[in-house]
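Remarks on the structure that follows.
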Amino acid sequence: AQIGVTGLAVMGRNLARNFARNGFTVAVHNRSFARTQSLLAEHGDEGVFVASESLAGFVASLERPRKVVVMVKAGAATDAVIDELVPLLEPGDIVVDAGNAHFPDTVRREDALRARGLHFVGSGVSGGEEGALLGPSIMPGGTRESYESLGPILEKISAKVDGVACCTYVGPDGAGHFVKMVHNGIEYADMQLIAEAYDLLKQGLGATAGEIGQIFARWNTGDLESFLIEITAEVLQHVDAATGSAFVDIVADQAEQKGTGRWTVQNGLDLGVPITGIAEATFARALSGGVAQRDAARGTLVADVAPWALEDREGFVEDVRLALYASKVVAYSQGFDQIAAASAQFGWDIDRGAMARIWRGGCIIRARFLNRITEAYERDADLPLLLADEYFTAAVGAGVGAWRRIVAGAALHGVPTPAFSSSLAYYDGVRAERLPAALIQAQRDFFGAHTYRRTDRDGSFHTQWSGDRTEQ
Ligand code: 6PG
């Protein structure tokens, strides 16, 4: 077999089928053989599968250098499979972890396997079950050498946009999983922004879920066109069969997470990169799940809000659209800053334009405007701030008035919009001529002699706050 997949739960199974459907002979293995058998029974006619009951048999069925895709739950299960696999492999073989691993784990595993002459490829794979089967976005890390033989296979099974594969070499060791982590962080921000837009339309217009779904469907024909807007339109128009109510109205309002958003925020703090959109989105999920706190606050905390009496309903819808677009650009701009910071810190040399290119199709955040991001990094590969690219400066600039009206309106009418609001605050912060950070530096010097720099000359200074207030 040319490639093997071990771990045949939904994602692994669909990846294996995708390889087979693209003409590769695929070795398949699963801890319980019954699952392997069911894959063959149900989909054996889609291509050539080589099934093995034992891991040793699976490894033996692969051509050299062996390429083994591990598709098991991130964490201890991945380590267990790798530990079992490694003694069966030979130098030059390639192990691909296609799960949502935390990138420091990938760095550690790559190091351990390299010491044994093996290539370890931590690869982000996005697109859910359907993407795995029909063409995901693939973000492989590891050595360039491993990409030479593995890359063409992964590119073949990936999504294509304008004939271009949504897969490219990302960078050494943990780079692939890092980029996937940031993809998921942006996914959280995107979803939260869409949810806030829905809430604004619901509370502002008093519209039904179905009506709002139609607005999203319309938005999906313009600049906002994306997978998440498309599915939002579908979800909002879906009716619950049991009650006849709008489906979204019967779903419990507590958002969960598996942890990739949290990792993104933790890393943003470590690198000192303000990924406020992603952070607010992650905390908003936490707030929604804080049942005790919400019970204590609901009906207790004073609202003091006026009812939202809109004069221009169409104008309001357009304002929400513009505010959503602007906030979305902020979330991406911040996410790409995070990638740049990690790339510099870990020496990964990640091409941000290429990342935008492979996110255009297959993945959860696939969107029309990713073309614009690629173009921005093509204009300037070292762009310090995506928002400052000429296209985005103009596109966001055209909606700033709407953005301010929406954030102000949300505050006045008591609609929680943490991601819209913090994105606007970031925008105003980053473009400010002068920030009150000067006062913070002065305070730090006052109570801790932490020193400050001056605007008029170089050096580090301290004022004798408790003495005669002279400067040193
Ligand atoms: C993808 C998704 C995928 C998964 C997330 C959901 O790119 O295909 O991001 O990785 O759906 O893990 O994350 P939460 O459960 O944390 O929302």
Worksheet item: Conditions: (1) free of Cβ contacts under 8 Å to residues at least 24 places away in the same chain; (2) in contact with a helix residue (DSSP H, G or I) (Cβ under 8 Å, 6 or more places away or on another chain). Residue 133 meets all but one. Number of the miss?
Response: (1)
Discussion item. Could you go through the stretch 209-232 and let me know if any residue there is in contact with a Gly (Cβ under 7 Å, 6 or more places away or on another chain) and modelled with pLDDT of 95 or more.
Written reply: no
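Within the group 92, 47, which residue is over 20 Å from residue 118 (Cβ atoms) and surrounded by 14 or more Cβ atoms within 10 Å (Cβ to Cβ)? Write out each step before concluding.
Details: 92 fails: over 20 Å from residue 118 (Cβ atoms).
So the residue among 92, 47 that is over 20 Å from residue 118 (Cβ atoms) and surrounded by 14 or more Cβ atoms within 10 Å (Cβ to Cβ) is 47.
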Worksheet entry | Enumeration of residues in the stretch 377-398 that are touching a residue at least 60 places away in the same chain (Cβ under 8 Å) and either part of a helix (DSSP H, G or I) or open to solvent by less than 20 Å² (accessible area, probe 1.4 Å) (or both) | 392, 395, 396
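Looking at the stretch 235-244 only, could you name the residues that are under 27 Å from residue 363 (Cβ atoms) and more than 16 Å from the ligand (Cβ to nearest atom)?
Pass one, the stretch 235-244, residues under 27 Å from residue 363 (Cβ atoms): 235-238.
Correct list: 236, 237, 238.
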Worksheet item: Does the stretch 147-155 contain at least one residue that is farther than 30 Å from residue 245 by Cα, modelled with pLDDT of 95 or more, within 15 Å of the ligand (Cβ to nearest atom) and of a type outside the set (Gly, Ala, Ser)?
Response: no
Worksheet item: Among (1) open to solvent by less than 40 Å² (accessible area, probe 1.4 Å); (2) of a type in the set (Gly, Ala, Ser); (3) touching a residue at least 24 places away in the same chain (Cβ under 8 Å), where does residue 290 come up short?
Response: (3)
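Look through 247, 216 and report the one residue that is crowded, with 22+ Cβ neighbours inside 10 Å and either basic (Lys, Arg) or away from the ligand (no atom under 13 Å from the Cβ) (or both). Explain how you work it out, then say what you get.
On the way: 247 fails: crowded, with 22+ Cβ neighbours inside 10 Å.
Selected residue: 216, the only one of 247, 216 that is crowded, with 22+ Cβ neighbours inside 10 Å and either basic (Lys, Arg) or away from the ligand (no atom under 13 Å from the Cβ) (or both).
Restricting to the stretch 340-370, give me the number of residues that are more than 16 Å from the ligand (Cβ to nearest atom), closer than 28 Å to residue 407 by Cα and not charged (D, E, K, R). Walk me through it before giving the result.
Taking the stretch 340-370 first, the residues more than 16 Å from the ligand (Cβ to nearest atom) are 340-354, 357, 368-369.
When the remaining residues are screened for being closer than 28 Å to residue 407 by Cα, the result is 368-369.
This time we only want the ones that are not charged (D, E, K, R), so: 369.
Total satisfying the criteria: 1.
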Worksheet item: Only one of these conditions is not met by residue 176: (1) within 16 Å of the ligand (Cβ to nearest atom); (2) in contact with a Pro (Cβ under 8 Å, 6 or more places away or on another chain); (3) not in a helix (DSSP H, G or I). Which number is it?
Response: (3)
Discussion item. Looking only at residues that are within 15 Å of residue 355 (Cα to Cα) and among the aliphatic types (A, V, I, L, M) in the stretch 135-160, which one is surrounded by the fewest Cβ atoms within 10 Å (Cβ to Cβ)?
Written reply: 159
Worksheet item: Just a yes or no: is a residue in the stretch 399-420 open to solvent by 40 Å² or more (accessible area, probe 1.4 Å), outside any helix (DSSP H, G or I) and modelled with pLDDT under 95?
Response: no
Worksheet item: Tally time: how many residues in the stretch 106-134 are more than 13 Å from the ligand (Cβ to nearest atom) and open to solvent by less than 50 Å² (accessible area, probe 1.4 Å)?
Response: 10
Worksheet item: Hey, residue 36 hits all of (1) over 28 Å from residue 259 (Cβ atoms); (2) crowded, with 18+ Cβ neighbours inside 10 Å; (3) in contact with a helix residue (DSSP H, G or I) (Cβ under 8 Å, 6 or more places away or on another chain) but one; which does it fall short on?
Response: (3)
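Given the criterion open to solvent by less than 60 Å² (accessible area, probe 1.4 Å) and either free of Cβ contacts under 8 Å to residues at least 60 places away in the same chain or away from the ligand (no atom under 16 Å from the Cβ) (or both), identify the matching residue among 264, 260, 232.
On the way: 264 fails: either free of Cβ contacts under 8 Å to residues at least 60 places away in the same chain or away from the ligand (no atom under 16 Å from the Cβ) (or both); 260 fails: either free of Cβ contacts under 8 Å to residues at least 60 places away in the same chain or away from the ligand (no atom under 16 Å from the Cβ) (or both).
Just one listed residue meets the conditions, 232.
Tell me, yes or no, whether the stretch 402-422 has at least one residue that is closer than 30 Å to residue 130 by Cα, within 16 Å of the ligand (Cβ to nearest atom) and in contact (Cβ under 8 Å) with a residue 24 or more places away in the chain. Give the derivation first.
Start the filter on the stretch 402-422 by keeping residues that are closer than 30 Å to residue 130 by Cα, which leaves 419.
Those left that are additionally within 16 Å of the ligand (Cβ to nearest atom): 419.
Going one step further and asking which of them are in contact (Cβ under 8 Å) with a residue 24 or more places away in the chain, we end up with 419.
Within the stretch 402-422, one or more residues are closer than 30 Å to residue 130 by Cα, within 16 Å of the ligand (Cβ to nearest atom) and in contact (Cβ under 8 Å) with a residue 24 or more places away in the chain.
Kindly establish whether residue 189 is in contact with a helix residue (DSSP H, G or I) (Cβ under 8 Å, 6 or more places away or on another chain) and over 30 Å from residue 106 (Cβ atoms). Even if it seems obvious, please write down each step before you answer.
On the way: in contact with a helix residue (DSSP H, G or I) (Cβ under 8 Å, 6 or more places away or on another chain): yes; over 30 Å from residue 106 (Cβ atoms): no.
Considered against the rule, which asks whether it is in contact with a helix residue (DSSP H, G or I) (Cβ under 8 Å, 6 or more places away or on another chain) and over 30 Å from residue 106 (Cβ atoms), residue 189 comes out as no.
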Practice prompt. Would you mind stating whether residue 204 is more than 16 Å from the ligand (Cβ to nearest atom), in contact (Cβ under 8 Å) with a residue 24 or more places away in the chain and crowded, with 24+ Cβ neighbours inside 10 Å?
Written response: no
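Take residue 185 and decide whether it is within 16 Å of the ligand (Cβ to nearest atom), in contact with a Pro (Cβ under 6 Å, 6 or more places away or on another chain), assigned to a helix (DSSP H, G or I) and closer than 20 Å to residue 366 by Cα. Walk me through it before giving the result.
On the way: within 16 Å of the ligand (Cβ to nearest atom): yes; in contact with a Pro (Cβ under 6 Å, 6 or more places away or on another chain): no; assigned to a helix (DSSP H, G or I): yes; closer than 20 Å to residue 366 by Cα: yes.
Answer is no for this residue.
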Item to complete: Among the numbered conditions (1) touching a Ser or Thr at 6+ places or on another chain (Cβ under 9 Å); (2) within 24 Å of residue 129 (Cα to Cα), tell me where residue 59 comes up short.
Response: (2)
Worksheet item: Of the residues that sit in the stretch 339-354 and are assigned to a helix (DSSP H, G or I) and out of contact with any helix residue (DSSP H, G or I) (no Cβ under 6 Å at 6 or more places or on another chain), which one is nearest to residue 140 (Cα to Cα)?
Response: 354
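The values are calculated or read from the model by the stated rules, or taken from the named source; none is laboratory data. What you are looking at is a predicted structure, and each value in this text was computed from that prediction instead of being measured. A quick note on method: Cβ atoms are made from the backbone with ideal geometry, for glycine too, and the neighbour counts reach across all protein chains shown. To get the accessible areas, we keep the full protein, side chains included, count just its heavy atoms, and leave off ligands, DNA and RNA. Shrake-Rupley method; radii C 1.70, N 1.55, O 1.52, S 1.80 Å.
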